[in-house]
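The values are calculated or read from the model by the stated rules, or taken from the named source; none is laboratory data. Bear in mind the structure is a predicted one, so any value in this text is a computation, not a measurement. Cβ: placed from backbone, ideal geometry, glycine included. Neighbour counts: every protein chain shown.
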Amino acid sequence: MCDFFLELTLNLFEGNWRRSWIGFFLYPNGFEVARLNSSYPGGLESYIKTARELLADSKAGKNPFDGFTPSVPKGEVLTFGDNNFINFEEAGVREAQKAAFVLVAGGLGERLGYNGIKVALPAETTTGTCFLQYYLESILALQEDSCRLTQGDCQAQIPFVIMTSDDTHARTIQLLESNSYFGMEPTQVKLLKQEKVACLADNDARFAIDPNNKYRIQTKPHGHGDVHSLLFSSGLLKAWHAAGLRWVLFFQDTNGLLFKAIPAALGVSATRQYHVNSLAVPRKAKEAIGGITKLTHADGRAMVINVEYNQLDPLLRATGHDGGDLNDETGYSPFPGNINQLILEIDPYIEELTKTRGSIKEFVNPKYKDASKSSFKSSTRLECMMQDYPKTLPASARVGFTVMDAWLAYAPVKNNPEDAAKVPKGNPYHSATSGEMAIYRANSLILRKAGAQVSDPVLQVFNGQEVEVWPRIAWKPKWGLTFAEVKRKVSGSCAFSQRSTMAIKGRNIFLEDLSLDGALLIEAIDDAEVKVRGSVQNKGWILQNVDHKDASVPEELRIRGFKINKIEQLEKNYSEPGKFCLNP
Ligand code: UGB
């Protein structure tokens, strides 16, 4: 009986009004159907139409890249710390006060298998800073640096949007509220919740019934591409435009390096006048990140676009590259790896979204029962990706990309310990272990470039993954978001032994002739200026292996395979304004 009313309700969205209104009121979840209808650009009628087309293409085995030839595109390649990089970084810091940031954090992270929301995970355990805190503090640091550099209106706040989903929304709010928004004004942060989409039971795009509740339609996430329609329908884009903003920057949930690359990338966007700028890093063949590719069609069309990792290999094989997705003589794939950090210029972005209402080209990925492709193993749904935005842009659009060193820009936490341990040797693990180690490596390399002596790393194995362990150096974004800031704060002959740990929490802390062999923790309010000199030596902090299956250890630590044994440290806290010298 229920199925009958559901069928009637669904007719509503296929334009069959007369037959359907009875069902809408009698079907127990008529309002759920109405929600599915209103949250999809063009409504359920459009969803079903697109689904039927894409399912027919999939059944016919149609290649989405039919007629396109892939080639390696040209983009801006930056080398950390050279003059070019420093100039772009400065240009980016200037532009930052005309930017808005958008974090897509609706994904549950099934590959990682962590029980909490991913943005609550510590990016590194020396300071215990979680990803969300790192992002908010980085945006605040950029806001302040931009204000100082341009001597502009220091009241201007950089807007920050987080896209959540039913899976992450309540816990994201809770994390923000219980930490006083990590120092950001609550009004500066907006949450937009993406809705799930209806699951499809067959090739005719009939909706699937929820296996746990026969009165409901089964729903699943639609993908990070929803962020565009949400920004448009919420009116935020128009408000930003009216407020004179020029850029929208999109980023993902677990990359503890990202903001080291953002200022220079934004500088590239402004200098090269890119409508779309994707951040990229050298990519290892078969690494689970998309490849930035130039696609040229026989009819003359051409675009620079991300080709997702599972599609790149078949596309290359189908176009005469017999080995498929392979490394070249450099040891990397010739296609730069997409890290899904996008910088869009607001004017052309609004123009495009006014036409499309933010709907992004979708795809469907049904798992068929057999070769006849007539039925599915389980329900499927349409999905979309935020990086597919350029697919509908006119040929005149300026679409570029910026390649950065991977050690500087990209260390996501996506894989659980077991899967990470199986990653082919030489390819990145993308685990909580490698994500944390990458932060220490980047900070060590940045200090080296700034003139300090930093000892080489040692190799250690945690959760079955062999990683480089550099000195555990961490600092707050406001101490050194850009290379120029770090250089300003490190002088003389500073040296750090491999077994060292250093945590800097304060804006005006200057390292002058510091020699560290142990653990040093310094915290200072912004009005305290602290010069750190001399030699610090103690027993320090030591990394101790833990087994990822050991339930007595908190999950946040277990998934990285180590915990810190804090044996001895020098700890100083400056909570009064003034000038100080720490010279132990
Ligand atoms: N996300 C949402 O906000 N909503 C959703 O419905 C789904 C996800 P994944 P993925 O940089 O390593 C992407 O699952 O999709 C958020 C690129 O497509 O971590 O497998 C989620 O919370 C790929 O080209 O990644 O792969 C997270 O913040 C490559 O660049 C983000 O979307 C790859 O990321 C990404 O979700 C990468």
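General remarks:
- Scanning the stretch 457-498 for residues that are among the aliphatic types (A, V, I, L, M) and under 23 Å from the mean Cα position of the chain (by Cα) yields a count of 4.
- Candidates ALA99, ALA91, ALA105 - the one that is modelled with pLDDT of 95 or more, among the aliphatic types (A, V, I, L, M) and within 16 Å of the ligand (Cβ to nearest atom): ALA105
- Those residues of the stretch 360-380 which are surrounded by fewer than 17 Cβ atoms within 10 Å (Cβ to Cβ) and hydrophobic (A, V, I, L, M, F, W, C), in sequence order: ALA371
- Which listed residue, of ILE305, ILE339, ILE346, ILE289, is away from the ligand (no atom under 16 Å from the Cβ) and in contact (Cβ under 8 Å) with a residue 12 or more places away in the chain: ILE346
- On the stretch given as the stretch 113-128, residues that are within 11 Å of the ligand (Cβ to nearest atom) and surrounded by fewer than 23 Cβ atoms within 10 Å (Cβ to Cβ) total 1.
- Test: residue in the stretch 129-142 that is surrounded by fewer than 20 Cβ atoms within 10 Å (Cβ to Cβ) and without any contact (Cβ under 8 Å) to a residue 60 or more places away in the chain: no
- Qualifying positions in the stretch 146-183 - crowded, with 18+ Cβ neighbours inside 10 Å, away from the ligand (no atom under 16 Å from the Cβ) and of a type in the set (Val, Ile, Thr): ILE158
- Counting only helices (runs of 4 or more DSSP H) that fall entirely inside the stretch 367-476 and contain at least 1 residues that are at positive phi and aliphatic (A, V, I, L, M), no element qualifies.
- Members of the stretch 216-237 found to be more than 15 Å from the ligand (Cβ to nearest atom) and either at pLDDT below 95 or crowded, with 20+ Cβ neighbours inside 10 Å (or both), listed by number: ARG216, ILE217, GLN218, PHE232, SER233, LEU237
- Scanning the stretch 52-88 for residues that are assigned to a loop (DSSP other than H, G, I, E, B) and either within 16 Å of the ligand (Cβ to nearest atom) or under 30 Å from THR380 (Cα atoms) (or both) returns ALA60, GLY61, LYS62, ASN63, PRO64, PHE65, ASP66, GLY67, PRO73, GLY75.
- With a requirement of 3 or more residues that are in contact with a Pro (Cβ under 9 Å, 6 or more places away or on another chain), the strands (runs of 3 or more DSSP E) lying completely within the stretch 490-584 that satisfy it span 528-537.
- ASP322 part of a loop (DSSP other than H, G, I, E, B), more than 16 Å from the ligand (Cβ to nearest atom) and out of contact with any strand residue (DSSP E or B) (no Cβ under 8 Å at 6 or more places or on another chain): yes
- Residues (touching a helix residue (DSSP H, G or I) at 6+ places or on another chain (Cβ under 8 Å), small (Gly, Ala, Ser) and either surrounded by fewer than 19 Cβ atoms within 10 Å (Cβ to Cβ) or within 27 Å of PHE131 (Cβ to Cβ) (or both)) located in the stretch 381-423: ALA397, ALA409, ALA411, ALA420
- Restricting the stretch 424-435 to residues that are modelled with pLDDT under 95 and under 27 Å from LEU447 (Cα atoms), the residue that is surrounded by the most Cβ atoms within 10 Å (Cβ to Cβ) is PRO428.
- Looking only at the stretch 66-107, and only at residues there that are of a type in the set (Asp, Glu) and surrounded by fewer than 23 Cβ atoms within 10 Å (Cβ to Cβ), the one that is nearest to VAL268 (Cα to Cα): GLU76
- Long-range neighbours under 7 Å by Cβ, at least six apart or interchain, first residue acidic (Asp, Glu) within the stretch 423-439, second away from the ligand (no atom under 16 Å from the Cβ) and modelled with pLDDT of 95 or more: GLU436/GLU124; GLU436/THR125; GLU436/ARG560
- Here LYS369 meets the list (1) within 16 Å of the ligand (Cβ to nearest atom); (2) charged (D, E, K, R); (3) touching a Phe, Trp or Tyr at 6+ places or on another chain (Cβ under 7 Å) almost entirely, failing just condition (1).
- Filtered by the rule that a residue be polar (S, T, N, Q) and either within 14 Å of the ligand (Cβ to nearest atom) or surrounded by fewer than 22 Cβ atoms within 10 Å (Cβ to Cβ) (or both), the stretch 266-286 gives THR271, GLN273, SER278.
- Test: residue in the stretch 358-365 that is within 14 Å of the ligand (Cβ to nearest atom) and either more than 27 Å from the chain's Cα centre (by Cα) or within 18 Å of PRO73 (Cβ to Cβ) (or both): no
- Failed condition for ALA397, given (1) in contact with a His (Cβ under 6 Å, 6 or more places away or on another chain); (2) farther than 28 Å from VAL197 by Cα; (3) modelled with pLDDT of 95 or more: (3)
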